[in-house]
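Right, one structure below, let's go through it.
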Amino acid sequence: MMMGHRWTALVTLLALLVYFWMSLQVGQARGKCGINPPAMTGDPQLERAVRVHYNTLEWLPIFLASLWLFAIYWNELVAAGLGIMWIIGRLAYSVGYMADPAKRSTGFLIQLLACAILLFGALGKIAYGLVTGV
Amino acid sequence: MMMGHRWTALVTLLALLVYFWMSLQVGQARGKCGINPPAMTGDPQLERAVRVHYNTLEWLPIFLASLWLFAIYWNELVAAGLGIMWIIGRLAYSVGYMADPAKRSTGFLIQLLACAILLFGALGKIAYGLVTGV
Amino acid sequence: MMMGHRWTALVTLLALLVYFWMSLQVGQARGKCGINPPAMTGDPQLERAVRVHYNTLEWLPIFLASLWLFAIYWNELVAAGLGIMWIIGRLAYSVGYMADPAKRSTGFLIQLLACAILLFGALGKIAYGLVTGV
């Protein structure tokens, strides 16, 4: 780590900004329907905004851990590129879901593919290293 | 990393202990109102305790990633100090929210400010490094 | 970090795969009861699957941060062993909870014990290092 891995760090912070923007969408939906915390349900747009935000939260540990392990044990720039792909998938997921829950699939699959490559790529590289001792 | 960054590590573990204490508050609220899992709603104190816990969970990826990136790429002791500020904000948020959802703002803003400085500080320093090549 | 800590990285990715499997359980429960997103309630099996998934999400920041700090500041192989114990506890928790919410305790306590040793072990080692300056 140290001063290397700046691209991975940059993608991490951009992903967190997109995730933060999703929490603002929840606040906006609350403003429109007038439902205050601690209530999380009662209006379709609020429930969709909450689900977009929480589904992204659910995936953040998988994404961030796989991104960094891929970058550290294999290739930094490929990791950063897949990180950008994840962010784009998440944005598409949010826009789709807010329009209609049935339209959330495309964005979801893009982010799933990015995560799968990062996770299994890191897993394969690390397991290979442990077996071969390189 | 290695054996450096001990202050950042210490603040990380303290923040996680405060977060763990919030989950105990949920258990305590369950005990008082007699609502068992998997139900998450049905009593105002339980719903507030759940929201305090989950809102902190929502912010943990932003906080922890920004804290470590700020510490690694910029300044360890400033990061640790802002981490303590975040913990204090979270404690104020919890006490306020449990008393009255309208009283959650002060603590929330303190933790928001700490996170914003950590995130944009790290982002600025990393972007500057990438541009200047230092 | 760098190319060391491969066992910790391997356990991290295995834990995330178990966690991902829990999200598939939610999808499966949705399929059986026919309740679509954004709804998260309305069927006992769906609510249990959601709670198994979300309780694991709640604990991931505590587990992952403590695992890595224990591995970095103290002992890699002990950390990896406790990580395996956490994964086993989580699997037992999932199987128990899905059968009956009252049967979730054993698995929960196993993962709690693993997390507690990782967290307080790392905390003690780091605090000792700061005090003694070693």
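The values are calculated or read from the model by the stated rules, or taken from the named source; none is laboratory data. Keep in mind it's a predicted model, so treat the numbers as computed, not measured. Note: ideal-geometry Cβ built from the backbone for every residue, glycine included; neighbour counts use all protein chains shown. For the accessible areas, the whole protein counts, side chains as well, though only heavy atoms, and no ligand, DNA or RNA atoms are used. Shrake-Rupley method; radii C 1.70, N 1.55, O 1.52, S 1.80 Å.
Could we say that B:ALA114 is in a helix (DSSP H, G or I), under 25 Å from B:VAL26 (Cβ atoms) and at pLDDT below 95 here?
No; evaluated as a whole, the condition is false for this residue.
With respect to B:ALA79, is the statement that it is more than 11 Å from the chain's Cα centre (by Cα) and open to solvent by less than 40 Å² (accessible area, probe 1.4 Å) true? Working first, answer last.
Details: more than 11 Å from the chain's Cα centre (by Cα): yes; open to solvent by less than 40 Å² (accessible area, probe 1.4 Å): yes.
Yes: the conditions hold for B:ALA79.
Can B:SER94 be described as open to solvent by less than 50 Å² (accessible area, probe 1.4 Å) and either farther than 23 Å from B:ALA49 by Cα or part of a helix (DSSP H, G or I) (or both)?
Spelling it out, B:SER94 is indeed open to solvent by less than 50 Å² (accessible area, probe 1.4 Å) and either farther than 23 Å from B:ALA49 by Cα or part of a helix (DSSP H, G or I) (or both).
For C:ILE72, which of the numbered conditions (1) of a type in the set (A, V, I, L, M); (2) open to solvent by 30 Å² or more (accessible area, probe 1.4 Å); (3) within 14 Å of chain A (Cβ to nearest Cβ) fails to hold?
Condition (2) is where C:ILE72 drops out.
Could you list all residues from the range C:102-117 that are at the interface with chain B (Cβ under 10 Å from one of its Cβ atoms) and more than 30 Å from C:PRO44 (Cβ to Cβ)?
C:ALA116 - this is the single residue of the range C:102-117 that is at the interface with chain B (Cβ under 10 Å from one of its Cβ atoms) and more than 30 Å from C:PRO44 (Cβ to Cβ).
Determine whether C:ILE84 is of a type in the set (A, V, I, L, M, F, W, C) and open to solvent by 20 Å² or more (accessible area, probe 1.4 Å).
Details: of a type in the set (A, V, I, L, M, F, W, C): yes; open to solvent by 20 Å² or more (accessible area, probe 1.4 Å): yes.
The answer is yes for C:ILE84.
The conditions are (1) of a type in the set (A, V, I, L, M, F, W, C); (2) away from every other protein chain (no Cβ under 12 Å); (3) within 17 Å of the chain's Cα centre (by Cα), and A:ALA99 fails exactly one of them. Which is it?
(3)
Sort out which residues of the range A:1-59 are surrounded by fewer than 21 Cβ atoms within 10 Å (Cβ to Cβ), part of a helix (DSSP H, G or I) and touching a Cys at 6+ places or on another chain (Cβ under 6 Å), and write them in order of number.
The answer is none; no residue qualifies.
With respect to A:ARG51, is the statement that it is at pLDDT 95 or above and more than 14 Å from chain C (Cβ to nearest Cβ) true?
no
Looking only at the range A:66-76, decide whether some residue is outside any helix (DSSP H, G or I) and either touching a residue at least 40 places away in the same chain (Cβ under 8 Å) or touching a Pro at 6+ places or on another chain (Cβ under 6 Å) (or both).
Filtering the range A:66-76 for residues outside any helix (DSSP H, G or I) gives A:74-75.
After this cut, where a residue has to be either touching a residue at least 40 places away in the same chain (Cβ under 8 Å) or touching a Pro at 6+ places or on another chain (Cβ under 6 Å) (or both) as well, the list is A:74.
Yes, some residue in the range A:66-76 is outside any helix (DSSP H, G or I) and either touching a residue at least 40 places away in the same chain (Cβ under 8 Å) or touching a Pro at 6+ places or on another chain (Cβ under 6 Å) (or both).
Per-residue answers, yes or no, for (1) at pLDDT below 95; (2) within 11 Å of chain A (Cβ to nearest Cβ):
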site	(1), (2)
C:GLY4	yes, yes
C:THR12	no, yes
C:GLN28	no, no
C:PRO38	yes, yes
C:PRO44	yes, no
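Tell me yes or no: at least one residue of the range A:117-126 is surrounded by fewer than 20 Cβ atoms within 10 Å (Cβ to Cβ) and either more than 19 Å from A:TRP59 (Cα to Cα) or modelled with pLDDT under 95 (or both).
Yes; the residues of the range A:117-126 include at least one that is surrounded by fewer than 20 Cβ atoms within 10 Å (Cβ to Cβ) and either more than 19 Å from A:TRP59 (Cα to Cα) or modelled with pLDDT under 95 (or both).
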